[in-house]
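Student: Have a look at this one before I ask anything.
The values are calculated or read from the model by the stated rules, or taken from the named source; none is laboratory data. This is a predicted model, so every value here is computed, not measured. Every residue, glycine among them, receives a Cβ derived from its backbone with ideal geometry; neighbour counts consider all protein chains shown. For the accessible areas, the whole protein counts, side chains as well, though only heavy atoms, and no ligand, DNA or RNA atoms are used. Shrake-Rupley method; radii C 1.70, N 1.55, O 1.52, S 1.80 Å.
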Amino acid sequence: GENVEQHPSTLSVQEGDSAVIKCTYSDSASNYFPWYKQELGKRPQLIIDIRSNVGEKKDQRIAVTLNKTAKHFSLHITETQPEDSAVYFCAASIRGNSGYALNFGKGTSLLVTP
Amino acid sequence: ETGVTQTPRHLVMGMTNKKSLKCEQHLGHNAMYWYKQSAKKPLELMFVYNFKEQTENNSVPSRFSPECPNSSHLFLHLHTLQPEDSALYLCASSQEAGRDQPQHFGDGTRLSIL
């Protein structure tokens with residue numbers, strides 16, 4: 001099936017620094033790219049998403065960029081805080097048998113140290 | 001957020017047992033999903049229901065049997081499971097099973113097969 005590659009698998013930054021997580025996808029028909037944050041023992045929560053008709057979207061300290069030509073998209077977190085520590089998943093919409101679904105990356109474990 | 005509720009939160013069962021996982025969403029959505037989350041693997045889509053009709057079965061073994069009696073409820077019936085089926089099973093919902101639809105997740109059921 002179509003894959004979503006996510007890097008790095010682990011990321012450690014100091015509080016206040018920026019964190020960047022990158023994903024690539026292979027299905028040129030993908031047009032929706034959400035990012036989820038999953039804290040230990042909790043549900044994945046949607047933090048930001050982007051559609052293929054825009055190249056960048058920002059929400060306070062979080063931004064996502066999309067390069068459709070290169071088929072990659074990135075999550076940027078600025079001024080990181082310890083509560084940003086979690087696993088982050090990217091996803092790309094894919095065409096299934098009779099509709100569309102999401103294909104997820106393997107996740108990035110982000111640790112923000114005080 | 002209690003939009004998507006899953007029960008039970010934890011389940012331990014033997015390989016010969018039969019049990020069911022339950023998911024209920026209070027968001028007025030029409031699409032519901034089952035995902036399997038194993039350590040160090042991407043979220044794996046199992047089943048998709050759109051307006052109570054199954055639209056995706058991602059090559060899931062027949063020992064997993066989904067049921068969607070209405071748009072608000074989704075079940076996953078389990079029988080004769082294997083140790084490798086131990087994982088976190090996540091339910092999600094979205095407005096419709098469309099290309100750019102955010103999915104909202106439940107807290108999951110942590111399943112352990114003895």
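Student: In the neighborhood of residue A:111, defined by Cβ-to-Cβ distances under 15 Å, what is the net charge if each Lys or Arg adds +1 and each Asp or Glu adds -1?
Tutor: Surrounding charge for residue A:111 is -4.
Student: Hey, which of these cross-link pairs are over 26 Å Cα-Cα: A:22/B:52; A:57/B:41; B:19/B:52?
Tutor: Correct reply: A:22/B:52; A:57/B:41.
Student: Using only the Cα atoms, what convex hull volume per residue in Å³ does segment B:29-103 have?
Tutor: 89
Student: May I pose another question? When chain A is treated as a GNM, springs tying every alpha-carbon pair under 10 Å, which of A:67, A:103, A:53 comes out with the largest mean-square fluctuation?
Tutor: Largest GNM mean-square fluctuation: A:53.
Student: Residue by residue, what Karplus-based ³J(HN,Hα) values in Hz, rounded to whole numbers, does segment A:54-59 have, using 6.51, -1.76 and 1.60 with θ = phi - 60° and x for Gly and Pro?
Tutor: Computed from phi, the couplings for segment A:54-59 are 10, x, 7, 9, 10, 9 Hz.
Student: Hey, any idea what % of chain A's accessible area is carbon plus sulfur with a 1.4 Å probe?
Tutor: 46
Student: To the nearest Å, what is the center-to-center distance of segment A:57-114 and segment B:37-74, using C-alpha atoms only?
Tutor: Centre-to-centre distance over Cα atoms comes out at 23 Å.
Student: Here is a further query. List the lysines whose alpha-carbon lies under 23 Å from that of residue B:18, not counting same-chain residues fewer than 8 positions away?
Tutor: Within reach: B:36.
Student: Right, something else. How well do other chains shield peptide B:38-45, expressed as the mean number of their Cβ atoms within 10 Å of each residue Cβ?
Tutor: The mean count of partner-chain Cβ atoms within 10 Å per residue comes to 5.
Student: Something else about it: Summing +1 for each Lys or Arg and -1 for each Asp or Glu, what net charge is found among the other residues whose Cβ lies under 10 Å from the Cβ of residue B:79?
Tutor: Taking every other residue near residue B:79 into account, the sum is +3.
Student: I'd like the interface area for chains A and B: accessible area of each alone minus the complex, both sides summed, 1.4 Å probe, protein heavy atoms only. What is it in Å² to the nearest 100?
Tutor: What A and B bury together is about 2100 Å².
Student: Please give the FRET efficiency for residue A:12 paired with residue A:51, using the beta carbon to beta carbon distance and R0 = 22 Å, rounded to the nearest 0.05.
Tutor: The formula returns an efficiency of 0.10 here.
Student: Within 10 Å of each candidate Cβ there may be at most 16 other Cβ atoms; applying that plus a DSSP loop requirement, which trypsin sites (Lys or Arg not before Pro) in segment B:30-114 survive?
Tutor: The qualifying sites are B:40, B:52, B:63.
Student: Using 0.36 nm times the number of residues separating residue B:96 and residue B:38, minus their current alpha carbon distance, what extension gain do you get?
Tutor: Value of the extension gain: 18.3 nm.
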